Amino acid sequence: MSLLDRVQKQQAPDPGAVPEGAYVPQAGQGATRTSTAAPSRARTPFELQAERIKNRLQARLIENIANEGEDEDREQRATRITDALNGVLVEMGLTMTKPERARLLDSVLNDFLGLGPIEALIADNAVTEIMVNGPDQIFIEQRGKLTLSDVKFESESQLRRVIDRIVSTIGRRIDESSPMVDARLKDGSRVNVIIPPLSLNGPILTIRKFSKKPYSIENLISFGTMTDEMAQFVRACVRSRLNMLVSGGTGSGKTTTLNVLSSFIPEEERVVTVEDAAELQLNQEHVVTLESRPATVEGRGRIAIRDLVVNALRMRPDRIVVGECRGGEALDMLQAMNTGHDGSLTTIHANSPRDSLNRLETLVLMAGAELPSRAIREQISSAINVIVQQSRLRDGTRKVIAVSEVLGLHGDQVKVQDIFVFKQTGVTQEGKVQGYFTATGIVPKYFDHLQSSGEGVSKGLFTPVPDPAGKEIK
């Protein structure tokens, strides 16, 4: 009798029963709240029995975990898991057809050695982000657009197994006492996990993928992210050791652009990178990568970005690259830029060059520094030289919508002027954004500095481009 025949003869599960591994709210933990999760789909007979087999298999593997060799490769682990699966099937008295066994084995190996049903999405280079909203709803981002995938997890417990596998590889754990975790995959992809009771939709898994091969400035030009003229200018700014800030919203491509800018740093310089989760892919030989560490379950051992920035100053860096300023480390970064570490780079969440400076001011205040606003703005105006503003447009394309320079403090305000901008002219019926890049006609105040640094750029770079209607940009 095949597996499906046996399952169909078994009593149907109680529709009101709580699935194994599902979160059950306790009194005082939101038991009366209405969940916003999508209704769970009915499980197929194969999925129901496969889940029982996997739970038994998981217990068997945990019992035998001491037998796992430290230097065991994937093929050896797959063989061990296959042997354990065969033992479980014998214990449960199950016989299976060849296709059923192959399908079950593939699912088991993906669960215990990979990332379950999303393994194929991870391997798909066209997919840049994976958003798992519980076992039955997986959204993906392709070419800047979100779509609902037809991939699903078999159950919530399968999703939890995949989550546990991800976080365990970096020595962390996730449970009700510690329901949020930031992690990364072996390929460098960024992972965020949040589970009940904080999430009412069940376990939520978000994976931000990164290209295995770092993008180059030529890639950004071919993608339409910036023009060759803009690329020449930002390259000269990095090479001549101007301090640069990459600003933009979530998913706008800040990290990719920061990575490209970092590639212009000369090989002979010592670079120290500081990140929450290591994402930068610098190809220079002399790069030191520092990564923050969260607190343990007992609340001890946290190493914040700010601590790493302070330590980086003691490591004789030529440049400091901070993946993102989001707290008090902004003050330490500004002080580093103002005390001899020229050519440093960082990113920040903001919607315009002006907003990025205002946000920097707010972050400095978060450091607990009791400084007057004018003193903070003086620090900002003397530390930041160039701002690269990135945006993801409504059609999903990512563009550098402005390259601006900081002129200094005028009165009580930091003055900023645009050197290059993206001018949007409209949107097609298909939703495609229309527009063009142009210089504003302003020769940057750092032009002489670029020349004296040996990074000569032509003044012709800053000539405005006529708009499609033939009018000059004012």
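Residues that are surrounded by fewer than 23 Cβ atoms within 10 Å (Cβ to Cβ), within 23 Å of Q379 (Cα to Cα), touching a Ser or Thr at 6+ places or on another chain (Cβ under 9 Å) and of a type in the set (K, R): does the range 316-331 have at least one? Before you say what the answer is, go through the steps one by one.
The first filter runs over the range 316-331 and keeps only residues surrounded by fewer than 23 Cβ atoms within 10 Å (Cβ to Cβ), leaving 316-318, 324, 326-328.
With within 23 Å of Q379 (Cα to Cα) added as a condition, the list becomes 316-318, 324, 326-328.
Adding the requirement that they be touching a Ser or Thr at 6+ places or on another chain (Cβ under 9 Å) leaves 317, 324.
Next, only the ones that are of a type in the set (K, R) stay: none.
No, every residue in the range 316-331 fails to be surrounded by fewer than 23 Cβ atoms within 10 Å (Cβ to Cβ), within 23 Å of Q379 (Cα to Cα), touching a Ser or Thr at 6+ places or on another chain (Cβ under 9 Å) and of a type in the set (K, R).
Looking only at the range 382-427, which residues are touching a residue at least 12 places away in the same chain (Cβ under 8 Å), small (G, A, S) and either out of contact with any strand residue (DSSP E or B) (no Cβ under 7 Å at 6 or more places or on another chain) or open to solvent by 20 Å² or more (accessible area, probe 1.4 Å) (or both)?
Listed by number, the residues that qualify are S382, A383, S391.
State all residues of the range 48-85 that are surrounded by fewer than 18 Cβ atoms within 10 Å (Cβ to Cβ), modelled with pLDDT of 75 or more and in contact with a helix residue (DSSP H, G or I) (Cβ under 9 Å, 6 or more places away or on another chain); if no residue qualifies, say none.
Of everything in the range 48-85, those that are surrounded by fewer than 18 Cβ atoms within 10 Å (Cβ to Cβ), modelled with pLDDT of 75 or more and in contact with a helix residue (DSSP H, G or I) (Cβ under 9 Å, 6 or more places away or on another chain) turn out to be R77, A78, R80, T82.
Kindly state which strands (runs of 3 or more DSSP E) lie completely within the range 139-231 and contain at least 2 residues that are surrounded by 15 or more Cβ atoms within 10 Å (Cβ to Cβ) and at pLDDT below 85. Talk me through it step by step, then tell me what you get.
On the way: elements: 145-148, 180-184, 190-194, 204-208.
Result: 180-184.
If you take the residues in the range 362-373 that are open to solvent by 60 Å² or more (accessible area, probe 1.4 Å) and assigned to a helix (DSSP H, G or I), which one is nearest to I384 (Cα to Cα)?
We begin by selecting, within the range 362-373, every residue open to solvent by 60 Å² or more (accessible area, probe 1.4 Å); these are 362, 365-366, 370-372.
From the residues that got through so far, the ones that are assigned to a helix (DSSP H, G or I) too are 362, 365-366.
Values: T362: 15, L365: 17, M366: 19 Å.
Per the criteria, the residue is T362.
Is it true that E279 is surrounded by 18 or more Cβ atoms within 10 Å (Cβ to Cβ), of a type outside the set (G, A, S) and not in a helix (DSSP H, G or I)?
Values: surrounded by 18 or more Cβ atoms within 10 Å (Cβ to Cβ): yes; of a type outside the set (G, A, S): yes; not in a helix (DSSP H, G or I): yes.
Answer is yes for this residue.
Among the residues of the range 132-152, is there at least one that is aliphatic (A, V, I, L, M) and in contact (Cβ under 8 Å) with a residue 60 or more places away in the chain? Break it down stepwise before answering.
Looking only at the range 132-152, we keep the residues that are aliphatic (A, V, I, L, M), and these are 132, 138, 140, 146, 148, 151.
Pick out the ones that are also in contact (Cβ under 8 Å) with a residue 60 or more places away in the chain and you get 132.
Checking the range 132-152: at least one residue is aliphatic (A, V, I, L, M) and in contact (Cβ under 8 Å) with a residue 60 or more places away in the chain.
From the set of residues in the range 285-318 that are in a loop (DSSP other than H, G, I, E, B) and of a type in the set (D, E, K, R), which is nearest to R241 (Cα to Cα)? Give the derivation first.
Initially, the range 285-318 is screened for residues in a loop (DSSP other than H, G, I, E, B), giving 285-286, 292, 294-302, 304, 316-318.
Checking the rest, the ones that are also of a type in the set (D, E, K, R) come to 285, 298, 300, 302, 316, 318.
Numbers: E285: 19, E298: 43, R300: 38, R302: 32, R316: 16, D318: 10 Å.
Among residues in the range 285-318 that are in a loop (DSSP other than H, G, I, E, B) and of a type in the set (D, E, K, R), the one nearest to R241 (Cα to Cα) is D318.
Any idea which of P117, P135 is touching a helix residue (DSSP H, G or I) at 6+ places or on another chain (Cβ under 6 Å), at pLDDT 80 or above and either aliphatic (A, V, I, L, M) or buried (at least 19 other Cβ atoms within 10 Å of the Cβ) (or both)? Show your work before the answer.
Working: P117 fails: touching a helix residue (DSSP H, G or I) at 6+ places or on another chain (Cβ under 6 Å).
Testing whether each residue is touching a helix residue (DSSP H, G or I) at 6+ places or on another chain (Cβ under 6 Å), at pLDDT 80 or above and either aliphatic (A, V, I, L, M) or buried (at least 19 other Cβ atoms within 10 Å of the Cβ) (or both) leaves just P135.
Which ones in the range 297-354 are closer than 20 Å to L371 by Cα and among the charged types (D, E, K, R)?
Residues satisfying the conditions are R306, R326, E329, D332.
Any idea which residue in the range 332-356 is farthest from the chain's Cα centre (by Cα), counting only those that are open to solvent by 20 Å² or more (accessible area, probe 1.4 Å), more than 14 Å from I380 (Cα to Cα) and in contact (Cβ under 8 Å) with a residue 60 or more places away in the chain?
Filtering the range 332-356 for residues that are open to solvent by 20 Å² or more (accessible area, probe 1.4 Å), more than 14 Å from I380 (Cα to Cα) and in contact (Cβ under 8 Å) with a residue 60 or more places away in the chain, the one farthest from the chain's Cα centre (by Cα) comes out as S352.
Which numbered condition trips up R359, out of (1) open to solvent by 10 Å² or more (accessible area, probe 1.4 Å); (2) within 29 Å of I170 (Cβ to Cβ); (3) in a helix (DSSP H, G or I)?
If we test R359 against (1) open to solvent by 10 Å² or more (accessible area, probe 1.4 Å); (2) within 29 Å of I170 (Cβ to Cβ); (3) in a helix (DSSP H, G or I), just (2) comes out false.
Identify, please: which residue in the range 428-470 is touching a helix residue (DSSP H, G or I) at 6+ places or on another chain (Cβ under 6 Å) and over 30 Å from R374 (Cα atoms) and is, among those, surrounded by the most Cβ atoms within 10 Å (Cβ to Cβ)? Full working, then the answer.
The initial filter retains those residues of the range 428-470 that are touching a helix residue (DSSP H, G or I) at 6+ places or on another chain (Cβ under 6 Å), namely 439, 443, 450, 455, 457, 461.
Filter again for over 30 Å from R374 (Cα atoms), leaving 439, 455, 457, 461.
Details: A439: 22, E455: 19, V457: 18, L461: 19.
Ranking the qualifying residues of the range 428-470, first place goes to A439.
From the residues in the range 102-113 that are touching a residue at least 12 places away in the same chain (Cβ under 8 Å) and not hydrophobic (A, V, I, L, M, F, W, C), which one is least open to solvent (accessible area, probe 1.4 Å)? Break it down stepwise before answering.
So in the range 102-113, the residues touching a residue at least 12 places away in the same chain (Cβ under 8 Å) come out as 103-105, 107-109, 111-113.
Applying the additional criterion that residues be not hydrophobic (A, V, I, L, M, F, W, C) yields 103, 107, 111.
Numbers: R103: 131, S107: 20, D111: 4 Å².
For the range 102-113, the residue satisfying everything is D111.
Scan (1) modelled with pLDDT of 90 or more; (2) more than 25 Å from I419 (Cβ to Cβ) for the single condition R392 breaks and write down its number.
Failed condition: (2).
The values are calculated or read from the model by the stated rules, or taken from the named source; none is laboratory data. Treat the numbers as computed from the prediction; the structure is a model and nothing was measured. Cβ: placed from backbone, ideal geometry, glycine included. Neighbour counts: every protein chain shown. Surface accessibility is based on the protein's heavy atoms, side chains included, excluding ligands, DNA and RNA. Shrake-Rupley method; radii C 1.70, N 1.55, O 1.52, S 1.80 Å.
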